[in-house]
1. Which of the residues belonging to the stretch 148-170 are part of a strand (DSSP E or B), closer than 19 Å to residue 45 by Cβ and within 13 Å of the chain's Cα centre (by Cα)?
2. Looking for something assigned to a helix (DSSP H, G or I), at pLDDT 90 or above, within 22 Å of residue 177 (Cα to Cα) and not assigned by TED's automatic domain parsing to the domain that holds residue 111 - is there at least one such residue anywhere in the stretch 61-75?
3. Might you check whether a residue that is at pLDDT below 95, assigned by TED's automatic domain parsing to the domain that holds residue 63, touching a strand residue (DSSP E or B) at 6+ places or on another chain (Cβ under 6 Å) and in a strand (DSSP E or B) occurs anywhere in the stretch 130-142?
4. Quick one: in the stretch 76-103, of everything that is surrounded by 16 or more Cβ atoms within 10 Å (Cβ to Cβ) and part of a loop (DSSP other than H, G, I, E, B), which residue is modelled with the lowest pLDDT?
5. Which members of the stretch 20-44 meet the condition of being loosely packed, with under 13 Cβ neighbours inside 10 Å and in contact with a helix residue (DSSP H, G or I) (Cβ under 7 Å, 6 or more places away or on another chain)?
6. Filter the stretch 1-33 down to the residues that are assigned to a loop (DSSP other than H, G, I, E, B), within 19 Å of residue 43 (Cα to Cα) and modelled with pLDDT of 90 or more and list them by number.
7. Here is a list: 52, 20. Which entry is closer than 22 Å to residue 175 by Cβ, under 20 Å from the mean Cα position of the chain (by Cα) and outside the structural domain of residue 157 (by TED's automatic domain parsing)?
């Protein structure tokens, strides 16, 4: 999974990358510790992402957004409670997902990430243990294996990720979510 994806990624002789991938590659002997790979700014990871806004109730498409939209504070979602943000990124394939939706839960007022996690059902206990250990506060998680799609329907409150505040930008929030999911996939692989 992750090791295969990162091995393929570094086999392309990249000259710059992000901290998570570099640290993982060194730890697993994919690249040498004395590598000459430059560290990229984590805030730029999703600058090539496909981003759209839609209506939560009708799922009607509202607009496609450019990368500059990610500079909005996450509280954009509270100010536009009827909307959700849908994102696709090439980086998501590294961590076994295709897309992420972000929204505010109408009942609890928490920021939510909604995604499909491409992991086998046999990893259920590892996933649950990771979530129990890594999420802070009153955990708000929905994790259900979808037999039809063969993936986990996974929703969790961003408020429960250490370091999350509603003062983050969408880009910073997505970086935090990516790092969280990267650690999840790494723990499943271990």
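The values are calculated or read from the model by the stated rules, or taken from the named source; none is laboratory data. All values reported here derive from a predicted model rather than from experimental measurement. Here the Cβ is made from the backbone with ideal geometry for all residues, glycine too, and neighbour counts use every protein chain on show.
1. First, the residues of the stretch 148-170 that are part of a strand (DSSP E or B): 151-157, 161, 169.
So of that shortlist, the ones also closer than 19 Å to residue 45 by Cβ come out as 161, 169.
The answer is 161, and nothing else.
2. Kept after step one, since they are assigned to a helix (DSSP H, G or I), are these residues of the stretch 61-75: 67-71.
Restricting the remaining residues to those that are at pLDDT 90 or above gives 67-71.
From what is left, the residues that are within 22 Å of residue 177 (Cα to Cα) are 67-71.
Among the residues that remain, those that are also not assigned by TED's automatic domain parsing to the domain that holds residue 111 are: none.
No, there is no match, as no residue in the stretch 61-75 is assigned to a helix (DSSP H, G or I), at pLDDT 90 or above, within 22 Å of residue 177 (Cα to Cα) and not assigned by TED's automatic domain parsing to the domain that holds residue 111.
3. yes
4. 96
5. The answer is 33, 39.
6. 18
7. 20
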